[in-house]
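The values are calculated or read from the model by the stated rules, or taken from the named source; none is laboratory data. It should be emphasised that the depicted structure is a prediction, and the values quoted were computed from it without experimental measurement. Counting neighbours? That spans all protein chains shown, and the Cβs are built from the backbone with ideal geometry, glycine included. Accessible surface areas use protein heavy atoms only, side chains included; no ligands, DNA or RNA. Shrake-Rupley method; radii C 1.70, N 1.55, O 1.52, S 1.80 Å.
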Amino acid sequence: MADTLERTGTHRLISSDKVEGTKVYNPQNEKLGTIANVMIDKRSGNSEYAVMEFGGLFGLGSDHYPIPWDMLTYDTGKGGYVVDIAKDKLTAAPRYAREDVPEYTDEYTQTIYGYYGLNYPVL
């Protein structure tokens, strides 16, 4: 039907299940990884992080890298997100193994924001 609208997104909004698996590139058009999940603040409803899966082969041996959401820009031409992080900076970034999810405390968040040179807005 022509009047049937897709209910998982609009020109401005996107469903979280469509974000997961989306490719992430750097400005040099190198694929860095894919979005594994999005961390959302329970109180404000704002996305705090995109957790990017990077490294390994076919998801095996890959690590998860929390990246502050505001660092990502969606590029419609690429059909993915662009983040201005060099691969060498990413390899030294805070990360964790898939099975070792950290506790996202304010201290942990400050570490991540600090690594990327951002100020964490303490609520």
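Tabulated data
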| item | result |
| --- | --- |
| Residues being open to solvent by less than 70 Å² (accessible area, probe 1.4 Å), without any contact (Cβ under 8 Å) to a residue 24 or more places away in the chain and farther than 18 Å from Leu32 by Cβ - total across segment 97-116 | 4 |
| Qualifying residue in segment 63-74 (condition: in a loop (DSSP other than H, G, I, E, B) and closer than 13 Å to Asn26 by Cβ) | no |
| Complete set of residues in segment 83-96 that are surrounded by 11 or more Cβ atoms within 10 Å (Cβ to Cβ), out of contact with any helix residue (DSSP H, G or I) (no Cβ under 7 Å at 6 or more places or on another chain), outside any loop (DSSP other than H, G, I, E, B) and not aromatic (Phe, Trp, Tyr) | Lys87, Lys89, Leu90, Thr91 |
| Wholly within segment 11-56, strands (runs of 3 or more DSSP E) carrying at least 2 residues that are among the small types (Gly, Ala, Ser) and touching a Gly at 6+ places or on another chain (Cβ under 9 Å) | 31-40 |
| Residue list for segment 21-32, restricted to those being within 21 Å of Glu48 (Cα to Cα) and open to solvent by less than 90 Å² (accessible area, probe 1.4 Å) | Gly21, Thr22, Val24, Tyr25, Asn26, Leu32 |
